[in-house]
Amino acid sequence: LFTAPEGAQDDLKKISGVGPVLEKKLNALGITTYAQIVAFSAEDIARVDEVLNFKGRIERDNWVDQAKELAGN
């Protein structure tokens, strides 16, 4: 779904609701950094939600705001 950026990966498990299994699934989709999550559009959220069958979890757990804080933005 996404192209993983070059460089070090962020510890996505620091986002509330993301554990080791989910982090691996996100990485497999090319999501490896907080910056990518911060930049999610509504369409990106819908695509990830659909592929992983999240039923609104990204918005419910407020991943974008959590990623902003973790990224220091």
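The values are calculated or read from the model by the stated rules, or taken from the named source; none is laboratory data. In this text, all values refer to a predicted model and were calculated from it rather than measured experimentally. Don't worry about glycine lacking a Cβ; one is built from the backbone with ideal geometry, like all the others, and counts go over all protein chains shown. Calculation scope for accessible area: heavy atoms of the full protein, side chains included, ligands and nucleic acids excluded. Shrake-Rupley method; radii C 1.70, N 1.55, O 1.52, S 1.80 Å.
Worth pointing out:
- Selection count, the stretch 54-70, where residues are under 10 Å from the mean Cα position of the chain (by Cα) and in contact (Cβ under 8 Å) with a residue 60 or more places away in the chain: 0
- Sub-9 Å Cβ pairs linking a first residue in the stretch 36-53 that is on the phi < 0 side of the Ramachandran plot to a second residue that is among the polar types (S, T, N, Q), at least 6 apart or interchain, are Ile37/Gln66; Val38/Asn73; Asp44/Gln36, ordered by first then second residue.
- Restricting the first member to the stretch 19-34 and to residues that are without any contact (Cβ under 8 Å) to a residue 60 or more places away in the chain and closer than 10 Å to Phe2 by Cα, and the second to residues that are exposed (fewer than 12 other Cβ atoms within 10 Å of the Cβ) and of a type in the set (Ser, Thr, Tyr), the beta-carbon pairs closer than 9 Å and six or more apart or on different chains are Gly30/Thr3.
Each row is one residue, and each column tells you yes or no for (1) open to solvent by 40 Å² or more (accessible area, probe 1.4 Å); (2) assigned to a helix (DSSP H, G or I); (3) in contact with a Gly (Cβ under 6 Å, 6 or more places away or on another chain).
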site	(1), (2), (3)
Ala4	yes, no, yes
Gln9	yes, no, no
Gly17	no, no, no
Lys24	yes, yes, no
Asn27	yes, yes, no
Glu50	yes, yes, no
Lys55	yes, no, no
